[in-house]
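Read through the structure below, which is laid out as structure tokens, and then see the notes.
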Amino acid sequence: MTSLFERLDQAFKEALKGQQPVAASTLRMLKSAIRYREVELKRSLSEDELLAVVATQAKQRREAIAEYSKAGRPDLAKKEEEELHVLLSFLPPQLTPEEVEAEVFRIIQELGATSSKELGKIMKSAMASLTGRADGKVVQE
């Protein structure tokens, strides 16, 4: 099985050769974000950390889509959607809200949480468990 970084690198080369400007620019930005994170941590990233960087980039695209749509700029929103599509191809399949709810309920049972005061502990465990598979806003809801 190839690593996520190798898959990203291969997809970047294919996008350049296939003259796919949106995919190439998106993957170039993603590779830059990965390098920035590696410099910040002063080490290579693990697979989970790579997934977290991809998930962060995808979240930024989702937020940009919402902002551009609100501002009446469908052209820019469409570009962000195309970039998001490229990024999602490197993340595991996203869970539905119902699947996220079931997973969070399982975590609550596992932790034995009984009050809203334990929300921080629940969220920490849920986000660790669902990294890359669900957006943080969906988990929070």
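The values are calculated or read from the model by the stated rules, or taken from the named source; none is laboratory data. What you see is a predicted model; the values in this text were computed from it and never measured. Neighbour counts are summed over all protein chains in view; Cβ atoms, including those assigned to glycine, are modelled from backbone coordinates with ideal geometry. Accessible surface areas use protein heavy atoms only, side chains included; no ligands, DNA or RNA. Shrake-Rupley method; radii C 1.70, N 1.55, O 1.52, S 1.80 Å.
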Given a 1.4 Å probe, how much area per residue of the chain is accessible, in Å²? 66
Which residues does the label zone of PHE5 cover in segment 74-98, counting backbone N under 18 Å from a point 7 Å along Cα→Cβ? 90-91
So what is the relative contact order for the chain, in percent, with contacts set as C-alpha pairs under 8 Å and at least six apart? 23
For segment 32-49, what does the Karplus curve 6.51 cos²θ - 1.76 cosθ + 1.60, with θ = phi - 60°, yield as ³J(HN,Hα) per residue in whole Hz, taken in order and with x for Gly and Pro? 5, 5, 5, 4, 4, 5, 5, 5, 4, 8, 6, 6, 6, 8, 7, 4, 5, 5
Regarding the chain, what is the average projected area of its C-alpha convex hull, in nm²? 10.7
Give the carbon-plus-sulfur fraction of the accessible surface of the chain in %, rounded to a whole number; probe 1.4 Å, heavy atoms of protein chains only. 56
Distance between modelled label sites at LEU88 and LYS70, nm, 7 Å Cα→Cβ extension: 2.1
Whole-Hz Karplus couplings 3J(HN,Hα) for segment 111-119, θ = phi - 60° and coefficients 6.51, -1.76, 1.60, Gly and Pro as x, run 7, x, 6, 10, 9, 6, 5, 9, 4
Once phi is turned into ³J(HN,Hα) by the Karplus curve 6.51 cos²θ - 1.76 cosθ + 1.60 with θ = phi - 60°, what whole-Hz value does each residue of segment 103-110 show in order, with x for glycine and proline? 5, 5, 4, 4, 5, 4, 5, 4
Evaluate the charge dipole of segment 51-141 about its Cα centre and quote only its size in Debye, nearest 20, assuming +1 on the Cβ of each Lys and Arg and -1 on the Cβ of each Asp and Glu. 260
Can you tell me how much longer the chain between GLU118 and PHE105 gets when fully stretched, taken as 0.36 nm per residue apart minus their C-alpha distance, in nm with one decimal? 3.3 nm
